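So the structure is just underneath, and the comments pick up after that.
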Amino acid sequence: MQSKEASSSMEVDTVPSEAKVLPPKPKFKPLKPHEMASGQVQFRKVSVPPHRYTPLKKIWMEIYTPIYEQMKIDIRMNLKGRKVELKTRPDTPDISNLQKCADFVHAFMLGFDVIDAIAILRLDELYVESFEIKDVKTLRGDHLSRAIGRLSGKGGKTKFTIENATKTRIVIADTKIHILGSFANIKVARDSLCYLIMGSPAGKVYSKLRAITSRMAERF
Amino acid sequence: MANTNNAGAEALRRLKEVDPPSLLAPNPTLSETARAASQYLFSSIRPFSQKCPLDQLLVDGYDAEQIWHQIDLQTQPLLSTLRRRVNQFVKNPDEIAQLKVPSSVAKKVEAKNHEEWEQESDDFDEELDEDDDDEDDFEGVEKEEKNGGSDGEEEEDDDDDDDEEGSEDEDEDEEGEKEKGKGKDSGIEDKFLKINELNEYLEKEENNYENAEEADDGDEDSEEDDELEKAGEFEMDEDDEDDDEEEDEDDEEEEEEGMENARYDDFFVGKKEKSSKRKDQLVEESEDSGDEDDMESNKQKKRTASTHEKQLEKIQSEIELMEKANVEPKTWSMQGEVTAANRPVDSLLAVNLDFEHNVRPTPVITEEFTASIEDMIQKRIIEGLFNDVQRAPRLPSKAPREVKELDDNKSKKGLAEMYEQEYVQKIDPTSAPLSSKDKLKNEASMLFKRLCLKLDALSHFSFAPKPVIEDMSFQTNVPALAMEEIAPVAVSDAAMLAPEEVFDGKGDVKEEAELTQAERKRRRANKKRKFKADAVKRSEKKARSEKKEDNAIPGQVNG
């Protein structure tokens, strides 16, 4: 009976005002990256391939300085294990710094120049894409060699052309190809390289590139 | 009548006795006598001249001219007739014995006796002569009276003679045809046509025509022209009328045939299939008559084929030929599509065939041809007028897109810098990097600025130079004087090179040409020394770097 009566109007349970004050919202300071990982130090280890050993030695200071000074990440070279080790410090400003540094060092190890790889530190959304020639097309022996030649062009002309047109950096290491750049640019560069692998002459690829890049440039 | 006759004869006699010289002067009595005599003569001849419309010579109040013409009217036809008869008799003396009588005159002549006829024929001759004499006299009188001049006399005589001969012949023709007509009435004539009636009609028409002309001519001035014209007209009229008569008769013959039995076969050589008896008869008769006519007419035609008749003959023969050709089957070259079977062997060789050539015939290369071409080439070279094809300018539909040129050199900027630039561009569009367009603009603006600077320097009294932008640029060592010349204040001294910068050298400086032998040697020795020292340094450097590497590697192996 009561319920019926109650159904017509909303029943409100009035709790006796005991004046329970909710605790105030906690005001936390933003977590430091150091603390984010619950105070533990984070590591990254990048192995050094033998052909990059000497260049690393020569260029060490150029790598070390920005990482240590600006990224505030500890870096050291483990000679025995042939690895570059990176470690966060308590005063590392950003949690992503470590990863960026690791990527930067990794890019260098792949074969990119320091000045090109530095861009990874400076820009957020630069990626490195790697693929192999055999992923695109199975080539053997002479064909493979010719494909590699086609990719680079005479004196590296073709490679530079693609780099300039798409604002990427390309490293052709035997059958492996690494592309450093922003996502869209990587795509364009990858497509051009795939055409070259599949056999298109350089002129054709150039014309395609021209069209695409002009379109891209117009957009901005 | 007898009195007048006597008077007339008397006048005639008197005239004969006149002295010819007295005729030279105009004499009224003499003229009276002459008129009377001519009247008498006229009336005496009148019975024998059928065609003459005048019964008697009208002399009162008439000119000599008019009288003469009246006489002419009478005598002209008569004379021609007589001449013809005489010629006939001359040719066939036998006929004199068997005198055939002409149709209309025959009745009057037949009335007389045969002897009388002969007498009269003699008289005829006499009178003919007299007439001739008279006519001559008259001619002389009239001419002197009228002052016709000596030109016309002989011509008139000749014309008259010709006219008379012509008219004689035509009269003979007429008479001959009249005879024929009379003889073959049954063959040619029809219920519609009678030859005799036709002849009478024609004569009447002739006379009317002549009278009309006389009346007209009586009023004309010049005597000679009239006579000439008359003579000519007479001749022509008689000719035409005679021809018309002949033609009409022939045409009538043909028309008769056509009218009755107009059949294709009659005209054209071919099959003579159907023909009625009557038609055959007529045809035969007409053919016979035609043949006879032809024979006789041929004789006469051969004698008197006028130009018109000749033309007609020619045309007729041509027409016959053409008709013949039309009837026969055409030659093979005139037929449509003719195969080899339908024409004789090797007949194409004889015929000039006309083909349509779609292909231009190849030009024959002769020396002149090549010479002409070479001349043209030389001329063109001299002028420089080559017909070079010029590209047709395309209208720009849109502004040309800025073509981004692909650079195939290694980029000097790092990737970071490129992205940095891109970012800056996005944020701050003013600080956009120079595109190719801008480069040109910059260059242009720089040139213009320089030009303006110069112009300002020249044109201002108090010229304040622009602040010098210190950039790494090559300083040319321009002499101060040159600078000062243009504008003393234009360039600040600070930008000039310092003397040490101009030349950094010690002691006496001599040119190559000024050196003595010893000095030259000294210089060369110095150079060699320097070179050697540099070489040693370089080798040392190399050795050092190699050593370092060698040292490093074992270190690596260990570590």
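Rule-based calculations on the coordinates, nothing more; no lab input. Quick caveat, the model's predicted, so the values are computed rather than measured. Ideal geometry is used to build each Cβ from the backbone, glycine not excepted, and the neighbour counts take in all protein chains shown.
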Original post:
With θ set to phi - 60° and the Karplus curve 6.51 cos²θ - 1.76 cosθ + 1.60, what are the ³J(HN,Hα) couplings of the range B:28-33 in order, to the nearest whole Hz, using x for Gly and Pro?
Top reply: x, 5, 4, 5, 4, 4
Original post:
Considering amide H positions built from the backbone, and no H for Pro or chain starts, which residues 5 or more places from A:S47, or on another chain, come under 5 Å of its amide H?
Top reply: A:V84
**OP:** Mind checking which of A:I115, A:H143, A:M77 is farthest towards the positive end of the range A:77-151's charge dipole, using Cβ charges of +1 (Lys, Arg) and -1 (Asp, Glu) about the Cα centre?
**Re:** A:H143
Original post:
Taking square-rooted eigenvalues a ≥ b ≥ c of the alpha carbon gyration tensor, is the range A:137-220 rounded, prolate or oblate, where a/c under 1.5 means rounded and, failing that, a/b exceeding b/c means prolate?
Top reply: prolate
**OP:** Determine the relative contact order of the range A:120-215: mean sequence separation of Cα pairs under 8 Å and six or more apart, normalised by residue count, in whole percent.
**Re:** 34 percent
**OP:** Using the structure shown, select from A:K25/A:K100; B:K404/B:K441; A:K187/B:K426; A:K45/A:K80; A:K72/A:K167; A:K167/B:K449 the pairs with a Cα to Cα distance greater than 25 angstrom.
**Re:** A:K25/A:K100; A:K72/A:K167; A:K167/B:K449
Original post:
For the charge dipole of the range B:1-100, defined by +1 on Lys and Arg C-beta atoms and -1 on Asp and Glu C-beta atoms about the Cα centroid, which residue among B:Q70, B:N87, B:S31 has the Cα displaced farthest towards the positive pole?
Top reply: B:N87
**OP:** With the Cα gyration tensor of chain A in hand, convert its eigenvalues to equivalent ellipsoid semi-axes via √(5λ) and list them largest first in whole Å.
**Re:** 52, 29, 16
Subject >> HN-Hα J in Hz across the range B:18-23 - Karplus 6.51, -1.76, 1.60, θ = phi - 60°, x for Gly and Pro >> reply: 5, 6, x, x, 5, 6
Subject >> Cα gyration tensor shape for the range B:305-399, rounded if a/c is under 1.5, else prolate or oblate >> reply: prolate
Original post:
Is there a pair in B:K51/B:K91; A:K137/A:K159; A:K154/B:K413 whose C-alpha atoms are over 24 Å apart, and which pairs would that be?
Top reply: B:K51/B:K91
**OP:** When a/c is below 1.5 the answer is rounded, else prolate if a/b is larger than b/c, else oblate, so apply that to the range B:496-547 with a ≥ b ≥ c taken from the square roots of the Cα gyration tensor eigenvalues.
**Re:** oblate
Subject >> Spin-label model distance (nm) - B:F386 vs A:A184, 7 Å beyond Cα toward Cβ >> reply: 5.0 nm
